[in-house]
Amino acid sequence: MIEVQGLTKTFGDKVAVDNLSFTVRPGVVTGFLGPNGAGKSTTMRLILGLDRPDSGTALVNGHPYGSLPGPLFEVGALLDAKDVHGGRTARSHLLALAQSNGISSKRVDEVLELTGISSVAGKRIKGFSLGMSQRLGIAATLLGDPKVLMFDEPVNGLDPEGILWIRNFMRYLAGQGRTVFVSSHLMSEMAVTADHLIVVGRGRLMADMTTEAFIESSSTNAVRVKSPQAVELNQALVDRGFQVTTVDGYLEVARAECAQVGDVAAEHHLTIHELFEERASLEEAFMELTKDSVEYHTEAFPGDPFGAPQGESA
Amino acid sequence: MTTPTSMRHVLRSEWTKLISVRSTVWTMVAMVATTIGFGVLISWATESNWAKVEARQRSVFDATSTSLAGIAFGQLAIAVLGVMVISTEYSTGGIRTSLTAVPKRLRLLAAKSLILLAISLVVGTITSFVAFFLGQAFLSKVGIETHLGDPQVLRAVFGGGLYLAGSAMFGLALAALMRHTAAAITIVVGALLVVPPFTRLLPGGWGDAVERYFTSNAGQQITAVTQDVNTLSPWGGYLVFTLWWVVIMAVAAYLLNRRDA
Ligand SMILES: Nc1ncnc2c1ncn2[C@@H]1O[C@H](COP(=O)(O)OP(=O)(O)O)[C@@H](O)[C@H]1O
Ligand SMILES: [Mg+2]
């Protein structure tokens, strides 16, 4: 369990985390979602006592992180897989961490095995691929078999295979009843990984609800209909109180169900050629929610099929 | 099962960290090689030129500190080790991983300090004795050697190890304060090797005082049997040198607890 209460952190006059309060519960994967620069990493550093907050508290299992008697037994945290001395071998890196909390070297071999990196245990870390480093970082979080796990953008830069591995691993950890708190700037990633979402923008809490509820509440459901009698159908729908716009030769009916639109057409004996639901993508829904809180707006260049380029996350 | 972590655990962890990076081996090799190498070189040069040395200089000749002269370079190698012990934590980001495992920051710094102190004291002392015996072997050819049993000599040779350990701590303290490898190394080289001889040029009584109390000018008295003019006593000088790094370390420790990692 992680409890954050009124957490605030400024860097100079930049407010990175702004009076943030939330609770992360065990047994589910909780996604920490927000655009780049929203304050996710800072919040995690505050929870781990790495940064000092201006005000507010962060408790892990009821205690400030700094006063946990054996931190690795309670929390496994991976902020940045590159936060290691590349000159050490994977094994000696893990061994030093284990020893600091009185964990046996047998456990080091176990976590190497669990994360599938036993074969490179004797290699220096600087030669590792990002995926390997990520696994090493996760191995380190598992040393003390902790009940709380925290990962900052763990799938960033990974290939699809690595992403899948991490995703499944988190679900597996949560399935064992652990508290799993994982950040991402990608809604699509969170939608398939997280059961619960804590959404932040500009350091502020934007939403705290189940992923399902979040998708439900933020999707702008609309129905599109094509009719040779568009003018009449438009009038009939407006008379019923629907909000109608014309898009690409279709009538788009906001917040409506196909059945409702079909019924209205039938009542007025109007012909329909096409009728379908138009769901905003998750990414669009998330951007809609956080659009006012995005720190740096990037203009999509005209004709760019991929939209605005994604910035590197900090 | 949660076992409260103790200082013993952190010490063991820091030991593993120290011996698992190559820079430890290289700086140690450099310290041993330069301390012994220059000691031998200078002893040999002294021995072969002894006939030309004036009587006035012969009277103040210190066979012990001559054989330990390589410490002037060895101190830099071991101070660099002291710097790297903590600066690489910052340059690699490893400090965040370390502090997540050991959130009690002063405990982490204390463990690093103790491990470094122990290893540099042991290796430094052995190096000092080897340099002494090799140096005396050369000096004995012209009969100007000294012996461990002579007054103050044993203290001076042990002092070589003490001074090297102090240099390591000086590097560690500065790097803990500055959190940057290159900057810390630059300042260490300046403070221990480059600036000290220049303090001699400072005028007047306060200039003499600065010279006496300045880092290595003070610290290296522990390696000398006969003191020059305008120097502190062996133990007085060593105490002053120790105060230098202790004060820097205290500031670093205070800031370590307050700064973001
Ligand atoms: N150490 C720091 N010094 C100054 N500004 C920082 C620092 N860390 C983060 N910030 C700023 O705080 C904001 C939040 O950053 P961060 O927590 O990294 O966001 P996220 O992880 O959500 O992308 C950003 O504007 C970032 O530039
Ligand atoms: Mg981040």
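Quick note: the coordinates plus some simple rules give every number you see, no bench work behind them. All figures in this text were calculated on a predicted structure; none of them were measured in a lab. FYI the Cβ positions are ideal-geometry reconstructions off the backbone, even for glycines, and counts take in every protein chain you see.
Here are some notes:
- Translational D in µm²/s for the protein assembly as shown (Stokes-Einstein at 25 °C, 0.890 mPa s, Kirkwood Rh from C-alpha pairs): 87
- For the range B:34-109: Kirkwood Rh in Å [reciprocal of mean 1/r, alpha carbons]: 15.7
- At q = 0.14 Å⁻¹, base-10 log of I(q)/I(0) for the range A:222-278 (Debye sum, equal scatterers on each alpha carbon): -0.26
- Relative contact order [Cα under 8 Å, 6+ residues apart], the range A:2-210, whole percent: 33
- Excluding the site residues themselves, the longest part of chain A lacking any chymotrypsin sites (Phe, Trp or Tyr not before Pro) in a DSSP loop with at most 16 other Cβ atoms within 10 Å is A:1-295.
- For the residues B:THR215, B:THR88, B:THR64, a GNM of chain B with alpha-carbon springs under 10 Å puts the largest fluctuation on B:THR88.
- Using alpha-carbon coordinates, inclination of helix B:105-139 to the longest axis of chain B, degrees: 20
- Built amide H within the under 5 Å cut-off of A:LEU78, gap 5+: A:MET150, A:PHE151, A:ASP152
- Note on the range A:71-202: Rg/Rh from C-alpha atoms, Kirkwood Rh, equals 0.96.
- Between the residues A:ALA191, A:HIS63, B:LEU174, the greatest Cα displacement towards the positive end of the dipole of the protein assembly as shown, with unit charges on the Cβ of Lys, Arg, Asp and Glu, is found for B:LEU174.
- The charge dipole of chain B, taken about the Cα centre with unit charges on the Cβ atoms of Lys, Arg (+1) and Asp, Glu (-1), comes to about 940 debye, rounded to the nearest 20.
- Alpha-carbon Debye profile of chain B, log10 I(q)/I(0) at 0.07, 0.12, 0.14 Å⁻¹: -0.27, -0.72, -0.93
- With θ taken as phi - 60° and the Karplus curve 6.51 cos²θ - 1.76 cosθ + 1.60 applied, the whole-hertz 3J(HN,Hα) list for the range B:4-19 is x, 6, 10, 4, 4, 4, 5, 4, 5, 4, 5, 5, 4, 4, 5, 7 Hz, x standing for glycine and proline.
- Summarised in one figure, the compactness ratio Rg/Rh of the range A:16-112, Cα atoms and Kirkwood Rh, is 0.99.
- Qualifying lysines (Cα of each under 16 Å from Cα of B:LYS104; at least 8 residues distant if same chain): B:LYS112
- Under-5 Å amide H pairs with A:THR210, H placed in peptide plane, nonlocal only: A:LEU197
- Listed residues A:SER133, A:SER67, A:SER92, most fluctuating in chain A (Gaussian network, C-alpha, under 10 Å): A:SER67
- The range B:76-221: C-alpha gyration tensor shape, a/c 1.5 cut-off, then a/b vs b/c: oblate
- Comparing A:ALA174, A:ALA98, A:ALA77 in a Gaussian network model of chain A where C-alpha atoms under 10 Å apart are linked, the largest mean-square fluctuation is found at A:ALA98.
- Think of each Lys and Arg Cβ as +1 and each Asp and Glu Cβ as -1; about the Cα centre, that makes the dipole of chain A roughly 1780 debye.
- For chain B, the relative contact order is 23 percent, taking Cα pairs closer than 8 Å that sit 6 or more residues apart in sequence and dividing their mean separation by the residue count.
- C-alpha center-to-center spacing [the range B:8-33, the range A:14-80] in angstrom: 33
- Per-residue Karplus couplings for the range A:131-141, computed as 6.51 cos²θ - 1.76 cosθ + 1.60 with θ equal to phi - 60°, are listed in order as x, 5, 4, 4, 5, 4, x, 5, 4, 5, 5 Hz, Gly and Pro entered as x.
- The range B:137-159 and the range A:90-104 have Cα centres spaced 45 Å apart.
- Remark on the range B:1-130: hydrodynamic radius 17.0 angstrom, per the Kirkwood mean of 1/r across alpha carbon pairs.
- With the charge dipole of the protein assembly as shown set up from +1 on Lys and Arg Cβ and -1 on Asp and Glu Cβ about the Cα centre, the Cα lying farthest toward the positive end among the listed residues B:TYR213, A:GLN260, B:ALA191 is that of B:TYR213.
- The alpha-carbon of A:LYS126 sits under 19 angstrom from the alpha-carbons of these lysines, leaving out residues fewer than 8 places away in its chain: A:LYS82, B:LYS17.
- For the range A:204-210, putting each phi into the Karplus relation 6.51 cos²θ - 1.76 cosθ + 1.60 with θ = phi - 60° gives couplings of 9, 6, 9, 7, 8, 7, 5 Hz, in residue order, rounded to whole numbers and with x for Gly and Pro.
- Sequence-separation-based contact order of the range B:121-261, relative, with Cα cut under 8 Å and 6+ spacing, percent: 24
- Between 0 and 90 degrees, the angle of helix A:258-267 with respect to the longest Cα principal axis of chain A falls at about 0 degrees.
- Straight-line cross-link reach from A:LYS14 at under 18 Å between alpha-carbon atoms covers these aspartates and glutamates, not counting any fewer than eight positions away in the same chain: A:ASP51, A:ASP54, A:ASP292, A:GLU295, B:ASP260.
- P(r) weight above 18 Å for the range A:125-250, C-alpha pairs, percent: 65
- For A:THR10, the residues whose amide H sits under 5 Å from its own are A:ALA16, A:ASP54, ignoring neighbours fewer than 5 places away on the same chain, with H placed 1.01 Å from N.
- Scattering profile of chain A at q = 0.11, 0.13 Å⁻¹ [log10 I(q)/I(0), Debye over alpha-carbon scatterers]: -0.76, -0.95
- Two-site FRET efficiency, A:SER67 against B:ASP228, from Cβ-Cβ distance with R₀ of 51 Å, rounded to 0.05: 0.45
- Crossing angle, helix A:230-239 versus chain A [Cα axis fit, 0-90 degrees, rounded to tens]: 70
- Chain B: calculated mean residue ellipticity at 222 nm from DSSP helix runs of at least 4, using -39500 (n - 2.57): -24500 deg cm²/dmol
- All other residues whose Cβ lies under 15 angstrom from that of A:GLU267 are scored, Lys and Arg at +1 and Asp and Glu at -1, for a net of -2.
- Stokes-Einstein diffusion coefficient of the range A:68-144, Kirkwood radius over Cα pairs, 20 °C, 1.002 mPa s, in µm²/s: 177
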